[in-house]
Structures are given as C-alpha cells and as structure tokens.
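Peer 1: Next up is a structure, given as structure tokens.
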Amino acid sequence: MTVYIDPPTWPGHGRLWSHLVSDVSYAELHAFAASIGCPRRAFERDHYDVPAHRYADAVAGGALEVSSREVVRLLTAAGLRRRKGGGAPGRER
C-alpha cells in the first residue's frame, strides 16, 4: 500500500492542511486513512484533507512525502483526479 501526502501549506478554517492521496484506488486511500484515524468526512472528491497536527501521523503510518504538484500528477496519471465544479469523475478502482 502506497499513499502520498503533500506538506501542510493549504489554509482553511484557521489551520493548515495537507492532501492525502493514493495512486492506485480510493479503496486503498480509505483503508489507509482509517488506519491512521482520519475520519471519512475528511474525504473530498479524490483526497483526504489532513490537518497539520496530523501530518506526522500520516508519515509515521507510511505515507510518502511529496510536493503538492506531485500529488496532482499522481492522481491524474492514475485516472483518479476529480476536479471541482462538476468535471468528469475519476474512475473508481
């Protein structure tokens, strides 16, 4: 199981956030997120939003640290990218 996380640089709700993604399937992503205690409500379209204070938990659990640009590249290459605004959904794998 390989999942990826970008640095917590995305502001929202008074915090900084990371994006946790899989390059294989949403099932893999959901399983990993559950294993580190990330609630399902943190899933948004094609990634989990992870608050900065939980970043180390994700890395300790096995998430590989990558850039934000790499997160998008991985999702797109895997066909799992789901854009905001009603774009074509990625395929479920």
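Peer 1: From the list His53, His47, His19, His13, exactly one residue is on the phi > 0 side of the Ramachandran plot and either of a type outside the set (A, V, I, L, M) or at pLDDT below 95 (or both). Which is it?
Peer 2: Being on the phi > 0 side of the Ramachandran plot and either of a type outside the set (A, V, I, L, M) or at pLDDT below 95 (or both) holds for just one of His53, His47, His19, His13, which is His13.
Peer 1: In segment 33-84, which residue that is of a type in the set (Val, Ile, Thr) and without any contact (Cβ under 8 Å) to a residue 40 or more places away in the chain is surrounded by the most Cβ atoms within 10 Å (Cβ to Cβ)? Break it down into steps so the answer makes sense when it comes.
Peer 2: So the first thing to find is which residues in segment 33-84 are of a type in the set (Val, Ile, Thr), and the list is 36, 50, 59, 66, 71-72, 76.
Subset that is without any contact (Cβ under 8 Å) to a residue 40 or more places away in the chain: 36, 72, 76.
On the way: Ile36: 18, Val72: 16, Thr76: 14.
Only one residue tops the list, namely Ile36.
The values are calculated or read from the model by the stated rules, or taken from the named source; none is laboratory data. Every value quoted in this text rests on a predicted model; they were computed, and no experiment measured them. Glycine gets a Cβ as well: all are built from the backbone with ideal geometry, and neighbour counts include every protein chain shown.
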